[in-house]
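Below: the structure, in structure tokens.
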Amino acid sequence: MLDAASGAAVFAALTDWLPIETLDLRIDYLRAAEPGRDVMAHATCYKLGKNVAFTRAVAYHEDEADP
């Protein structure tokens, strides 16, 4: 889910749609998701270079500040 959200953030930042792929994905696991609760994600493309884009993403239940 975080990879897909990050890809969507990159597509939103591009002026022309181009094929993209994940080069490196690092996830810091803070805690497990709680069973039966929805998990949401928010991603931001914070740097868009000629060949590489950088994103940050967070998964959370209700409060993005509490990943």
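The values are calculated or read from the model by the stated rules, or taken from the named source; none is laboratory data. Only a predicted model underlies this, so the values are computations on that prediction, with no experimental measurement involved. As a convention, Cβ positions derive from the backbone with ideal geometry for all residues, glycine included, and neighbour counts pool all protein chains shown. All accessible areas refer to the heavy atoms of the entire protein, side chains included, with ligands and DNA or RNA removed. Shrake-Rupley method; radii C 1.70, N 1.55, O 1.52, S 1.80 Å.
Please specify each residue of the stretch 52-67 satisfying the condition of being charged (D, E, K, R) and either farther than 15 Å from residue 29 by Cβ or touching a residue at least 12 places away in the same chain (Cβ under 8 Å) (or both).
Hits for the stretch 52-67 are 56, 62, 63, 64.
Give me a count of the residues in the stretch 18-67 that are in contact with a Cys (Cβ under 9 Å, 6 or more places away or on another chain) and charged (D, E, K, R).
1
Quick check: anything in the stretch 16-32 more than 13 Å from the chain's Cα centre (by Cα) and open to solvent by less than 70 Å² (accessible area, probe 1.4 Å)?
no
Only one residue in 65, 41 is under 10 Å from the mean Cα position of the chain (by Cα) and either at negative phi or at pLDDT 95 or above (or both). Which one?
Only one candidate qualifies: 41.
Can you report the number of residues in the stretch 54-67 which are closer than 15 Å to residue 2 by Cα and either part of a loop (DSSP other than H, G, I, E, B) or open to solvent by less than 80 Å² (accessible area, probe 1.4 Å) (or both)?
8
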